[in-house]
């Protein structure tokens with residue numbers, strides 16, 4: 001699946017990041033989700049903005065997956081400690 005330029009821009013926008021931080025991750029926390037020490041799997045991690053929020057909560061491990069290579073490349077470029085990305089059967093772990 002490939003996003004159109006308009007769709008891609010929408011996924012990278014400030015309002016989309018606000019929704020992700022305050023409604024999605026914020027919603028999990030409001031419902032009592034504690035990421036600390038948990039093994040997190042995010043299917044559809046996109047460009048990695050949510051993982052940048054999740055790693056602040058000190059998960060035990062984080063694995064992100066997405067079917068869009070260009071989004072996964074953005075996520076990998078963040079080089080977030082403890083974040084591991086899997087793409088089409090290939091493990092793209094952050095070097096230790």
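Any read-out appearing in this document is the output of simple, stated calculations on the displayed coordinates, not a laboratory observation. Computed from a predicted structure; not experimentally measured. Please note: Cβ atoms are built from the backbone with ideal geometry, for glycine as well, and neighbour counts cover all protein chains shown.
Only counting other Cβ atoms within 10 Å, I'd like 47, 13 sorted with the fewest neighbours first.
Numbers: 47 23, 13 11.
With the sparsest Cβ surroundings first, the list reads 13, 47.
Pick the calculated log10 I(q)/I(0) by the Debye sum over Cα atoms at q = 0.15, 0.20 Å⁻¹ for this structure from (1) -0.74, -1.15; (2) -0.78, -1.01; (3) -0.58, -1.01?
(3)
For the chain, what is the relative contact order in percent, using Cα pairs closer than 8 Å and at least 6 residues apart in sequence? Numbers along the way, then the final one.
Working: 129 pairs, mean separation 21.2, N = 96.
With pairs under 8 Å counted, the relative contact order is 22 percent.
What 222 nm value per residue comes from the helices of the chain, counting each DSSP H run with n ≥ 4 as -39,500 (n - 2.57) and dividing by all residues, nearest 500 deg cm²/dmol? If you can, show how the numbers build up before the last one.
Details: 5 runs with 32 residues, N = 96.
Helix-only estimate at 222 nm: -8000 deg cm²/dmol.
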